[in-house]
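Sharing a structure, written as structure tokens. Questions coming.
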Amino acid sequence: MARTVITFGTFDVFHVGHLRVIERAAALGDRLVVGVSADALNVAKKGRAPVFSQAERLAIVAALKPVSEVFVEESLEQKREYIERYAADVLVMGDDWAGRFDEFADICEVVYLPRTPAISTTALIEKISGA
Ligand code: C2G
């Protein structure tokens, strides 16, 4: 049976760290589904809107070869619902989230992948703005 992998993220100012985690997540199964966080979720949780809108971020992630399907992640609290809706066998997150999603180990495998070092959206924004 096909193995479905699910992952979540904002993927703002898309960079190679995002690409690598998506490639490694896809390699763990046959089909990768990606939840892209809503603009409203970012405003509520991080106190700022992403540089690129959710429609733009969704379009970028959906166009990637390893990605089978994308959806808008409306709330961090709906993970269990999303895992069930997409019948995910594996939940993948970068290890900045290590341990945070262990509660879903009853319905899927939970895997934390090492982050790509030395690159982040925040660092890129600072570099571009000359800070
Ligand atoms: N990532 C990575 N290496 C980097 C930067 C990011 O592997 N240098 C990974 C993160 O660990 C995450 C994914 O890329 O798995 C997306 O990162 P963000 O866009 O920062 O997503 P985040 O805001 O952490 O997700 O339910 C979670 C939310 O959607 C928030």
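Determine, yes or no, whether residue 52 is within 12 Å of the ligand (Cβ to nearest atom), in contact (Cβ under 8 Å) with a residue 12 or more places away in the chain and more than 16 Å from residue 8 (Cα to Cα).
Considered against the rule, which asks whether it is within 12 Å of the ligand (Cβ to nearest atom), in contact (Cβ under 8 Å) with a residue 12 or more places away in the chain and more than 16 Å from residue 8 (Cα to Cα), residue 52 comes out as yes.
Evaluate the following for residue 120: is it away from the ligand (no atom under 14 Å from the Cβ) and not hydrophobic (A, V, I, L, M, F, W, C)?
For residue 120, the condition - away from the ligand (no atom under 14 Å from the Cβ) and not hydrophobic (A, V, I, L, M, F, W, C) - is not met.
Hey, another quick one. Which one is nearest to residue 116 (Cα to Cα) among residues in region 18-42 that are surrounded by fewer than 22 Cβ atoms within 10 Å (Cβ to Cβ), more than 8 Å from the ligand (Cβ to nearest atom) and free of Cβ contacts under 8 Å to residues at least 40 places away in the same chain?
It comes out as 27.
Could you check region 1-17 and list, in sequence order, the residues that are of a type outside the set (A, V, I, L, M, F, W, C), over 16 Å from residue 96 (Cβ atoms) and crowded, with 17+ Cβ neighbours inside 10 Å?
Residue satisfying the conditions is 4 alone.
Given the criteria outside any helix (DSSP H, G or I), under 12 Å from the mean Cα position of the chain (by Cα) and not acidic (Asp, Glu), does residue 33 qualify?
In short, yes.
Quick check, is residue 106 more than 14 Å from the ligand (Cβ to nearest atom) and either touching a Gly at 6+ places or on another chain (Cβ under 9 Å) or in contact (Cβ under 8 Å) with a residue 40 or more places away in the chain (or both)?
So residue 106 fails the test.
Mind listing whichever residues of region 55-90 are of a type in the set (Lys, Arg) and either away from the ligand (no atom under 11 Å from the Cβ) or in contact with a Pro (Cβ under 9 Å, 6 or more places away or on another chain) (or both)?
57, 65, 80, 85
For region 109-131, enumerate the residues that are without any contact (Cβ under 8 Å) to a residue 12 or more places away in the chain and either of a type in the set (A, V, I, L, M) or crowded, with 17+ Cβ neighbours inside 10 Å (or both).
118, 123, 128, 131
Any read-out appearing in this document is the output of simple, stated calculations on the displayed coordinates, not a laboratory observation. All figures in this text were calculated on a predicted structure; none of them were measured in a lab. Note: ideal-geometry Cβ built from the backbone for every residue, glycine included; neighbour counts use all protein chains shown.
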